[in-house]
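The values are calculated or read from the model by the stated rules, or taken from the named source; none is laboratory data. The structure displayed is predicted, hence computed values, not measured ones. A quick note on method: Cβ atoms are made from the backbone with ideal geometry, for glycine too, and the neighbour counts reach across all protein chains shown.
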């Protein structure tokens with residue numbers, strides 16, 4: 001399963017619409033979650049609307065949080081989107097096999113079995129989370145909270161039974177006018193996280209849409225050449241008959 005997790009506090013102002021970019025991600029089996037980080041107020045009506053629309057187009061979740069809630073929210077959204085992705089796959093499989101896509105329409109014993117399988121797959125399915133950090137100037141006071149959230153997310157992912165990997169990007173890039181820069185390639189270890197933030201330069205425009213497209217290209221290439229798998233396809237074929 002593939003996710004993009006965008007952490008931002010404001011509106012995009014350069015390049016392709018992030019809503020269009022999120023729709024592209026969703027069409028390629030990548031769900032897009034968005035966390036809007038508040039600081040002494042809110043991100044504004046326009047920013048809040050954009051955050052909600054990005055997540056909706058990306059088939060993911062959106063939340064507005066303050067810095068104290070960030071770590072807990074990031075973990076919750078990641079796990080909830082896993083379950084949501086599996087539920088969609090289950091509904092699709094049920095519709096193909098039974099002609100009815102509703103879990104609630106199943107007899108109680110069958111419904112209980114499907115729910116059990118969903119819970120099991122939520123812990124055992126492979127998961128990749130590409131984290132995109134808004135590194136515009138207004139995010140600078142929130143960087144410590146973002147760093148803590150990433151560490152806690154990685155600890156949470158390591159506790160899962162299935163293989164879990166995280167990669168980290170920030171935007172805008174600090175060199176050659178890049179819209180987005182990769183800070184950490186796919187890893188299931190905490191080691192690389194500590195090295196990201198001391199060298200992160202904050203400032204510049206907010207090219208959210210181009211950053212999402214950059215990460216979609218990253219997913220297409222796997223680990224810049226390694227072919228990645230979408231493990232949700234056909235996941236229920238051995239369970240629902």
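Here is a yes/no grid of residues against (1) over 18 Å from residue 32 (Cα atoms); (2) part of a helix (DSSP H, G or I):
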site: 131; (1), (2): no, no
site: 138; (1), (2): yes, yes
site: 147; (1), (2): yes, yes
site: 156; (1), (2): yes, yes
site: 160; (1), (2): yes, no
site: 170; (1), (2): no, no
site: 183; (1), (2): yes, no
site: 192; (1), (2): yes, yes
site: 220; (1), (2): no, yes
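Scanning the stretch 47-67 for residues that are closer than 26 Å to residue 145 by Cα, out of contact with any strand residue (DSSP E or B) (no Cβ under 6 Å at 6 or more places or on another chain), part of a loop (DSSP other than H, G, I, E, B) and free of Cβ contacts under 8 Å to residues at least 60 places away in the same chain turns up nothing.
Filter the stretch 82-110 down to the residues that are modelled with pLDDT under 70, in contact with a helix residue (DSSP H, G or I) (Cβ under 9 Å, 6 or more places away or on another chain) and not in a helix (DSSP H, G or I) and list them by number. 100, 101, 102, listed by residue number. If the condition is being more than 12 Å from the chain's Cα centre (by Cα) and modelled with pLDDT of 85 or more, then the stretch 38-68 contributes 49, 50, 51, 52, 53, 56, 57, 63, 64, 65.
Only a single item in (1) under 27 Å from the mean Cα position of the chain (by Cα); (2) at pLDDT below 75 is not met by residue 74, and it is number (2).
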